[in-house]
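Participant: First the structure, which I've put down as structure tokens, then a few questions once you've had a look.
The values are calculated or read from the model by the stated rules, or taken from the named source; none is laboratory data. If you're wondering where the values come from, they're calculated on a predicted model, not measured in any experiment. No Cβ is skipped: glycine too gets one built from the backbone with ideal geometry, and neighbour counts run over all protein chains shown. Side chains included, ligands, DNA and RNA excluded: accessible areas come from the protein's heavy atoms. Shrake-Rupley method; radii C 1.70, N 1.55, O 1.52, S 1.80 Å.
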Amino acid sequence: MHELNPCKNCHEDVAYLETEGDWCVYVICGHCGTHTAFQRYSNEEEKKEAEKKVVELWNMGKVVIEARVE
Ligand SMILES: [Zn+2]
């Protein structure tokens, strides 16, 4: 599996790689919903690249923080 840093927003270590309808992938925090941009792919090879890319984005802190009011 990919190494994911703790969430930049809530600092929980519950981020995971999510696939959407088998055409794009992103990393999302299971706690607060902060996520990276979606990365599209159209085949298995591109999928691996896309996964690597979103993991990189996540670990660089290039994320979209959801403004969720509890
Ligand atoms: Zn979070």
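Participant: Which length gain, in nm to one decimal place, applies between Asp22 and Lys52 when the Cα-Cα distance is subtracted from 0.36 nm times their residue separation? Please list the in-between numbers first.
Facilitator: Working: separation 30, 0.36 × 30 = 10.80 nm, distance 1.59 nm.
Result for the pair: 9.2 nm of gain on full extension.
Participant: Show the residues, 5+ positions off or on another chain, whose built amide H is closer than 5 Å to the amide H of Ala15.
Facilitator: Cys7, Gly30
Participant: For the chain, what does -39500 (n - 2.57) per DSSP helix run (n ≥ 4), summed and divided by total residues, give at 222 nm, in deg cm²/dmol to the nearest 500?
Facilitator: -8000 deg cm²/dmol
Participant: Relative to the Cα centre, what is the charge dipole magnitude of the chain, using +1 at the beta carbon of each Lys and Arg, -1 at the beta carbon of each Asp and Glu, and rounding to the nearest 20 debye?
Facilitator: Computed charge dipole of the chain: roughly 240 debye.
Participant: Also: Once you measure Cβ to Cβ distances between cysteines in the chain, which Cys have no partner under 4.7 Å?
Facilitator: So, Cys24.
Participant: Suppose accessible area is computed on protein heavy atoms with a 1.4 Å probe; arrange Trp58, Trp23 from highest to lowest.
Facilitator: Trp23, Trp58
Participant: Let me see the P(r) profile for the chain: every Cα-Cα distance counted, bins of 10 Å, each bin given as a percent of all pairs.
Facilitator: Taking every Cα pair in the chain, the percentages come to 24, 53, 21, 3.
Participant: Once you put a point 7 Å from the Cα of Glu12 and another 7 Å from the Cα of Phe38, both along the Cβ direction, what distance in nm separates them?
Facilitator: With each label placed 7 Å out from Cα toward Cβ, I get 2.3 nm.
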